[in-house]
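The structure appears right after this line, and notes come after that.
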Amino acid sequence: GIQVEQSPPDLILQEGANSTLRCNFSDSVNNLQWFHQNPWGQLINLFYIPSGTKQNGRLSATTVATERYSLLYISSSQTTDSGVYFCAVERRDGNKLVFGAGTILRVKS
Amino acid sequence: ETGVTQTPRHLVMGMTNKKSLKCEQHLGHNAMYWYKQSAKKPLELMFVYNFKEQTENNSVPSRFSPECPNSSHLFLHLHTLQPEDSALYLCASSQEIAGARNTGELFFGEGSRLTVL
């Protein structure tokens, strides 16, 4: 099956700092989604981004499908950004999203 | 508020008990999912229902039994579980296009945290 690797596994930031999270995948995909899981377990869909670049407030994401990676940018981080960020991908010939192991982000005030 | 509601939020059960998890989505979606999230493991897809038909059973033991009476409701019936089944069980929904292979944008509930004693 397709492999999804997220880096870094853990990240500690000071409030106000910027960060980049990476998602590498091992096969061609037609679907890529980024999620944030807050400390209480709620998963929120951040981006549906199989290719290209999207922005939503302080967050933006870029997927380069031909090179099999996606990046999530967080600017001016806030303590509420803390949690786990997951990347999930789906192969062109598949119908199942496969999740990465996540990046644990802690933003300190 | 994501439009997907799960109950109960917390559940403790013994290995001989029978219980059910409930999920309801208010988004008008036509597909619903059960995922399992165990400590230090990626989310694992358990079941998928598209247009109320089960289209995926990801090698899940029979002690987990899904039920989808309509496109807005999804249940996970639990019986004779094992302690290793303790996990966060997440329900999600999406809008699928008939015949398309893509999974649509997923909307998750807050999860049901299950502890099996």
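Taken together, the values in this text are just the output of simple stated rules run on the coordinates, not laboratory data. Predicted, not measured: the structure shown is a model, and the values here were computed from it. Virtual Cβ from ideal backbone geometry, glycine too; neighbours counted across all protein chains shown.
Distance from the C-alpha centroid of the stretch B:43-73 to that of the stretch A:1-78: 27 Å, rounded to the whole angstrom. Annotation note: chymotrypsin sites (Phe, Trp or Tyr not before Pro) in the stretch A:3-49 located in DSSP loop regions with a Cβ neighbour count of at most 11 within 10 Å are A:TRP40. Evaluating kT/(6 pi eta Rh) at 37 °C and 0.692 mPa s, with the Kirkwood radius of chain A over Cα pairs in the Stokes-Einstein relation, gives 238 µm² s⁻¹. What FRET efficiency comes out for the pair B:GLU84/A:ARG106, r = Cβ-Cβ distance, R0 = 35 Å, nearest 0.05? It comes to 0.80. Taking 0.36 nm per residue of separation and subtracting the current Cα-Cα distance, fully stretching the chain between B:ASN17 and B:GLN95 would add 24.7 nm.
In this simple spin-label approximation, A:GLN78 and B:THR115 carry label points 7 Å from Cα along the Cα→Cβ vector, and these lie 3.3 nm apart. A run of chain A free of exposed loop cleavage sites, with trypsin sites (Lys or Arg not before Pro) counted only in DSSP states other than H, G, I, E and B and at most 14 other beta carbons within 10 Å, reaches its longest extent at A:1-57.
For the protein assembly as shown, lysine pairs separated by 8 or more sequence positions, or belonging to different chains, with Cα-Cα distances below 28 Å total 23.
Among B:GLU56, B:GLU105, B:GLU67, which one shows the biggest mean-square fluctuation in a GNM of chain B, springs joining Cα atoms closer than 10 Å? Result for chain B, Cα springs under 10 Å: B:GLU105 fluctuates most. Using a 4.7 Å Cβ-Cβ cutoff, the cysteines of the protein assembly as shown lacking any partner cysteine are B:CYS68. Were the residues from A:ILE2 through A:THR53 laid out at 0.36 nm apart, the gain over their Cα-Cα distance would be 16.1 nm. Let me test this: with uniform point scatterers at the alpha carbons of the stretch B:23-102, what is the Debye-based log₁₀ I(q)/I(0) at q = 0.15, 0.16 1/Å? One equal scatterer on each Cα of the stretch B:23-102 leads to -0.53, -0.60. For a paramagnetic label modelled at 7 Å from the Cα of B:THR7 toward its Cβ, which residues of the stretch B:58-80 fall within the zone defined by backbone nitrogen distances under 19 Å? The answer is B:67-78. Note on B:GLN54/A:ASN24: beta-carbon distance plugged into 1/(1 + (r/R0)^6) with R0 of 41 Å gives a FRET efficiency of 0.80.
For peptide A:34-41, the mean count of partner chain Cβ atoms within 10 Å of a residue's Cβ comes to 3.
What the phi angles of the stretch B:82-92 give under the Karplus curve with 6.51, -1.76 and 1.60, with θ = phi - 60°, is a coupling list of 10, x, 6, 7, 4, 5, 9, 9, 10, 9, 9 Hz, glycine and proline written as x.
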